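Below is one structure, written out as structure tokens; comments come after it.
No lab work stands behind these numbers, since they all come straight from the coordinates. Here the structure is a predicted model, which means the values were calculated and not measured. Counting neighbours? That spans all protein chains shown, and the Cβs are built from the backbone with ideal geometry, glycine included.
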Amino acid sequence: MVWVAVGFMALSFGLRLAWWLVWPEDTASAGVYVHGVLPLGACVLFCLCLLYPGRMSLRASFFPALLGVLFFILKAQTFVWWHQTLCTLLYLLVAVLYGLTAFSILPLRKLLFPLFGLPLTFHAFVLDLIVHRTVFTLPEWFQEGSVLCIMAGLLCVSLAIREKYPAVREETP
């Protein structure tokens, strides 16, 4: 499952890089960092952390996860106020729960499944296929595909935690 997560992060990197190189006019000077450097750097660092063997790699993956959270929070600044607030709270919750799990402070691995899976499902099947189906331009689909791949990669990491990192404490039934 770790390799699948790395694959999704690499695909996200590729989509984001292609968007950035093919449609550079879509990126203002500040947007270069928010929409380019930040997610690209987070994907590369996340892949490196996941590929590094041992327990420390999961802990180290918390830093690129924080970069991803920062990217998503900054991206949400363009949403209407209530959507922006909900997304920001969700992203902060992601950061806290992922950190608590990665550092084995609390056994929250099972909470990560719905935390990553539900927004991914909502984005892919409600927003993208129903709401934005006819609205998105090709550059926007590259950006959205990159975002969906990040979400899928995080879901795969949450599924792989017990497999690759057995030292993460499990919930008792």
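Quotient of the Cα radius of gyration of region 1-114 and 2.2 N^0.38 Å, N being its number of residues: 1.13. Relative contact order of region 1-104: what whole-number percent is it, with Cα pairs under 8 angstrom and at least 6 residues apart? Here the relative contact order equals 25 percent.
Which FRET efficiency value, to the nearest 0.05, do you get for Phe113 and Trp23 by plugging their Cβ-Cβ distance into 1/(1 + (r/R0)^6) with R0 = 35 Å? That gives a FRET efficiency of 0.55.
Based on every Cα atom in region 65-108, Rg and the maximum pairwise Cα distance Dmax equal 11.7, 36 Å. Annotation: extensible slack from Trp3 through Val96 equals 31.1 nm (criterion: 0.36 nm per residue apart, minus Cα-Cα distance).
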